[in-house]
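Notes to accompany the following structure.
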Amino acid sequence: MRILVTGGAGFIGSNFIRYMLARHPDYQIINLDKLTYSGNLENLSDIHTRKSEVVNRKPTHNSQLTSLSYRFIKGDICDTKLVNGLVKDGIDVIVNFAAESHVDRSIMDAGVFINTNVLGAHVLLEAAKKHPVKKFIQISTDEVYGSLGSDGYFTENTLIAPNSPYSASKASADLLVRAYHHTYNLPVIITRSSNNYGPYQFPEKVIPLFITNALADVPLPLYGNGLNIRDWLYVEDHCRAIDLVIEKGKEGEVYNIGGNCEKTNLEITKTILKRLGKPEGLIKYVRDRPGHDRRYAIDSTKIQRELGWSPRYTFEDRIDKTIEWYIENESWWKKIKSGEYQEYYDKMYGESRES
Ligand code: NAD
Ligand code: TYD
């Protein structure tokens, strides 16, 4: 099986590539990534090292190395010529992770979100139309459904009602993907997962941001009253769900993927501080995010019933492992936080966002 993974140098994409190469050593994976601020080849350094060992034919006693089939291509999913060339070469499955993924950035500047998330998805769909693939998996998000009140869950039949430029761009791509199935019979599947956490997540998203701030004794900027709710999913559980969708998912369908783990942001914050032995005085309430969605909660009954998936990991266990990972990989996040990210952070949390 030849899989084109887009955005494979980001958080979920890199975890997915590692997961797939470990479970399916016979698969060939091509990783197309533009390496934007959130794309980082260090997320795949173990795989790149193994790959170069194979290419250089260094003696090794690990027989799996000889069959490692992985290629990285630096490029933009909006580059029609590049994408067509890759898909024309013979691709069985496209898994589209490539995206601008952060809500706060989309509020500051939506343009690049439209380019990558909508126009980029269109380029991939056109390539798959010209050079047929067996499956086109669009990695989407529960945020396309908008916000819930204090009860109820998002099902695959919930109406799409995105509230941020980010979620609107993801919803637009979902609609295009759906239309390419309806109109051209493209074998598409859309997955909509809840908030992921785990290793290699860029430290602008709340969990890695708060862990790394707490480690550095820097305040944790909690939006509004901290009572907004997200449904947390460990990234490896998400990867396993996508693997199943590739194998057994039905064309034209949407699958919701949730962690069955609702937490307020305040609960998450307190958990992180407690696990690190840091004082709650580090919590700094700041002005709320404009249009901040109140609650996300996913009903995953469909993927459970049809594909036999359910999350394996508990939050209590995996948050500890995640915190450990950030402690052990300090140089990974320190490099990020001391570079370009710092400018963004200053812009976000400078005087203007004080509550
Ligand atoms: P991320 O920001 O960590 O990674 C995105 C990757 O896409 C980066 O490697 C980046 O370089 C690459 N990229 C961006 N623009 C590109 C372009 N034009 N061409 C090629 N590559 C490009 O994001 P993530 O958290 O790993 O999210 C991956 C996907 O999963 C996204 O589509 C996102 O909408 C979706 N998703 C994320 C979450 C979450 O909690 N993180 C939840 C649900 C869905
Ligand atoms: P985030 O990780 O940005 O994911 P998303 O907006 O896609 O759900 O944010 C998760 C929650 O944490 C969201 O309710 C906003 C909140 N949040 C803060 O309170 N402070 C922060 O600094 C960030 C980045 C997020």
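Readers should treat all values here as calculations from the given coordinates under stated rules, not as data from a laboratory. Worth saying up front: this structure is predicted, and the values here are computed from it rather than measured. So basically every Cβ, Gly included, is an ideal-geometry build from the backbone, and we count neighbours across all protein chains shown.
Within straight-line reach of residue 278, meaning a Cα separation under 14 Å, sit the following aspartates and glutamates at least 8 residues removed in sequence or on another chain: 217. Which is farthest toward the positive dipole end of the chain among 196, 297, 249, measuring Cα position about the Cα centre, with Cβ charges +1 (Lys, Arg) and -1 (Asp, Glu)? Farthest towards the positive pole: 249. Note that the chain shows a convex hull volume over its alpha carbon atoms of 135 Å³ per residue. Each 5 Å bin from zero holds the following percent of Cα-Cα pairs in segment 1-42: 6, 26, 32, 21, 10, 4, 0.
Taking 21 Å as the limit for the C-alpha separation, the pairs 170/263; 34/134; 81/250; 205/263 exceed it in the case of 170/263; 34/134; 81/250. For residue 222, nonlocal amide neighbours, meaning residues 5 or more places apart or on other chains whose placed amide H falls under 5 Å from its own, are 284, 285, 286. DSSP finds beta bridges in segment 218-355, and of those with both partners inside it, around 45 percent are antiparallel.
Equivalent ellipsoid of segment 153-210: semi-axes from √(5λ) of the C-alpha gyration tensor, largest first, are 27, 14, 12 Å.
For the chain, the mean residue ellipticity at 222 nm estimated from helices alone is -12500 deg cm²/dmol, where every DSSP H run of n ≥ 4 contributes -39500 (n - 2.57) and the total is divided by all residues, rounded to the nearest 500.
Once the mean of 1/r is taken over each pair of separate Cα atoms and inverted, segment 275-325 shows a Kirkwood hydrodynamic radius of 15.1 Å.
Computed on segment 105-259, with alpha-carbon pairs under 8 angstrom and 6+ residues apart, the relative contact order is 28 percent. Between segment 274-304 and segment 316-348, what is the C-alpha centre distance in whole Å? Segment 274-304 and segment 316-348 have Cα centres separated by 17 Å.
In whole Å, what is the distance between the alpha-carbon centres of segment 93-108 and segment 33-47? When both Cα centres are located, 15 Å separates them. If R0 equals 25 Å, the separation of the Cβ atoms of residue 312 and residue 69 corresponds to a calculated FRET efficiency of about 0.40. Of 159, 266, 227, which has the largest mean-square fluctuation in a 10 Å C-alpha GNM of the chain? With Cα springs under 10 Å in the chain, the top fluctuation among 159, 266, 227 is at 159. Restricting attention to the chain, close to 10% of DSSP beta bridges with both partner residues there are antiparallel.
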